[in-house]
Amino acid sequence: MEPDYSKYSLAELHQAKNSIDRANYPERAKEIDLQIKNYSLRESAETETKASIEELKYNTFWPRFFAIIIDSIILSVLIWICFSFILKPENYSDTFFQAIDDFIFVVYSILMHSLCSGQTLGKMITGVQIVTFEDEANISYKHAIMRDIVPLTLMLFAYVSILFNLSEQTSNSILFIVAISIIIWYLLEIVTMLFNQKHRALHDFVANTVVVRTNH
């Protein structure tokens, strides 16, 4: 009765290969070699599939980019409504408006990420989520704050010009420096995101987080 090598494990196939009499059973020897080759091909295909799925899971640059645009549009509309119909714009300076606009975005980011399982409205729409780096669990308030700690600190520094009633020129100069610093920070985030395996931005390293696709 011919053995069915297709049902053998890889270890059993190697054992059969080492013990078979190739001179007397050449066909069986060929079948064993073929089954071992098939195992290698299947393992290679599985490895490539896993690598492809892993790459897709962490390939979040464009979803994150569009999520920021969506969040910016939503907040801009809400802020415009608030300032146009609720507050009286003539009572506030341009410096105040700029400071409030920036601060609201950071607060929105921190609250949404911590309360909505690592997602803002933009991230929900584009299908990405922030999780902890070690076990990919939901992030905490601490993670959310640490991700935005640099722009938050810079903005708090800028608010000194408002709280201490500095001149408008001085306040504008401080806001300009802060704005340039934040732009540099964001550029550094993009660079770091492009040059590591899981596409982690600089704030991900600071907060020990990673962004993944929710539909990978």
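The values are calculated or read from the model by the stated rules, or taken from the named source; none is laboratory data. Predicted, not measured: the structure shown is a model, and the values here were computed from it. Note that we place each Cβ from the backbone using ideal geometry, even for glycine, and neighbour counts take in every protein chain shown. Calculation scope for accessible area: heavy atoms of the full protein, side chains included, ligands and nucleic acids excluded. Shrake-Rupley method; radii C 1.70, N 1.55, O 1.52, S 1.80 Å.
Can you name the residue in segment 7-27 that is open to solvent by less than 70 Å² (accessible area, probe 1.4 Å) and assigned to a helix (DSSP H, G or I) and, of all such residues, is farthest from ASN38 (Cα to Cα)? Filtering first and then ranking leaves PRO26. Say we look at segment 33-61 and pick out the residues that are in contact (Cβ under 8 Å) with a residue 60 or more places away in the chain and assigned to a helix (DSSP H, G or I); which of these is least open to solvent (accessible area, probe 1.4 Å)? The residue in question is TYR58. Filtering ILE139, ILE180, ILE125 for residues that are touching a residue at least 60 places away in the same chain (Cβ under 8 Å) and of a type outside the set (Gly, Ala, Ser) leaves a single hit, ILE139.
Exactly one residue among GLU54, GLU27, GLU12 is over 30 Å from GLN169 (Cα atoms), modelled with pLDDT under 90 and not basic (Lys, Arg), and that residue is GLU54.
Of note, VAL210 satisfies the criterion of being open to solvent by less than 70 Å² (accessible area, probe 1.4 Å), touching a strand residue (DSSP E or B) at 6+ places or on another chain (Cβ under 9 Å), hydrophobic (A, V, I, L, M, F, W, C) and farther than 18 Å from ASP102 by Cβ. Residue selection: HIS199 satisfies the criterion of being assigned to a loop (DSSP other than H, G, I, E, B) and open to solvent by less than 80 Å² (accessible area, probe 1.4 Å). Applying a threshold of 8 Å to beta carbon distances and a minimum spacing of six or more residues, or different chains, the list of pairs starting in segment 148-160 at a residue that is modelled with pLDDT of 85 or more and ending at one that is open to solvent by 60 Å² or more (accessible area, probe 1.4 Å) and part of a helix (DSSP H, G or I) reads ILE149/VAL206; VAL150/VAL206; LEU152/ILE145. Being part of a helix (DSSP H, G or I) and touching a Pro at 6+ places or on another chain (Cβ under 7 Å) is the filter here; which residues of segment 102-137 pass it? Listed by number, the residues that qualify are VAL106, THR126. Taken together, ILE145, ILE149, ILE174, ILE180 contain a single residue that is over 15 Å from ALA207 (Cβ atoms), open to solvent by 40 Å² or more (accessible area, probe 1.4 Å) and among the hydrophobic types (A, V, I, L, M, F, W, C), which is ILE180.
Each residue in segment 155-171 was checked for being surrounded by fewer than 19 Cβ atoms within 10 Å (Cβ to Cβ) and either assigned to a helix (DSSP H, G or I) or small (Gly, Ala, Ser) (or both), and 9 pass.
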